[in-house]
């Protein structure tokens, strides 16, 4: 509701076709939204289809030459939709995003560069990730994430919270991969979109993105970040990233990633015990987290045969 209201502040909202795709919300969303926003085209998925399938349904319905994926937990600032469209439609870019802000108006990662084999996904691992990050710093490797974008900054992938794509590019690259339920789907998609043309972030155009409110609530996760690896939400995050790496980089890199995650479990247990012993802290929270990480890695091993075969499969664990 706040997202739509923020767009209606600007007359330009009338220039766009608004499609809301509902992932079986089981409440009065349809009636409430259509009553206040009668211009909205509503589509019921009939089940919780996740991010890729629901957005694909909306893309198939859209009539425009440019398609915008827009999260419901966003707020439009300073006519950002029209400003983005004006720049994008007159450019040679295949896709674009804007500089996203946290609710306190500090900058938020809006796009990134690829790292070979998706090695940046190892960095959130406790202790082991910090060690790998130290090695990367020692080797002076470029950081992949763009937290503060220049006026027009080329990137390899764009956050799916605000992702504008030319329809002709989608027709050439294909829709999002519907094997994904949540997380990493827009990253894999951007790897295909990028083969049709460059991608960019317009750093001078801003929206607010309230990260992780719905998924954290539904999964009962206390952590709204994208570095949580220890609970049910963390399982979906780990699984989706491994699926993406298999699809984008191949079997060898998938196995390298999974082996690193496996090694990280005993490293976390031993290192946290030693750390807590010397700092006189309660080791139980870290032990619980290490058990959660171990369980999640074991679940990914259980699905590894399916991932290796790379055949159609809906990787939904939430």
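Going from the residue with the fewest nearby Cβ atoms within 10 Å to the one with the most, 3, 96 rank 3, 96.
Counting only C-alpha contacts under 8 Å and six or more residues apart, can you give the relative contact order of the chain as a whole percent?
The value is 20 percent.
Each helix, a run of at least 4 DSSP H residues, gives -39500 (n - 2.57); summed and divided by the residues of the chain, these come to -14000 deg cm²/dmol at 222 nm.
If you wrap the range 16-70 in the convex hull of its Cα atoms and look at it from every side, the mean projected area works out to 3.8 nm². Model label sites at residue 78 and residue 198, defined 7 Å from Cα along the beta-carbon direction, differ in position by 2.3 nm. The antiparallel fraction among DSSP beta bridges confined to the chain stands at about 60%.
Helix 232-249 and the long axis of the chain differ in direction by around 80°, with both axes built from C-alpha atoms. Against the chain, whose longest principal axis comes from its Cα atoms, helix 128-138 is set at around 80 degrees.
Convex hull volume of the C-alpha atoms in the range 11-145, normalised per residue: 190 Å³.
For the chain, the longest principal axis of the alpha carbon atoms and the long axis of helix 251-279 meet at an angle near 60°. Using the Cα coordinates of the chain, the gyration tensor eigenvalues translate into equivalent-ellipsoid semi-axes of 34, 22, 20 Å, sorted from longest to shortest.
Protection proxy ranking, highest mean first, for peptides 186-197, 234-245, 52-63: 234-245, 186-197, 52-63, where packing is the per-residue count of other beta-carbon atoms within 10 Å, averaged.
Bear in mind these aren't lab numbers, they're just calculated from the coordinates by the rules spelled out. All values derive from a computational prediction rather than experimental measurement. Note: ideal-geometry Cβ built from the backbone for every residue, glycine included; neighbour counts use all protein chains shown.
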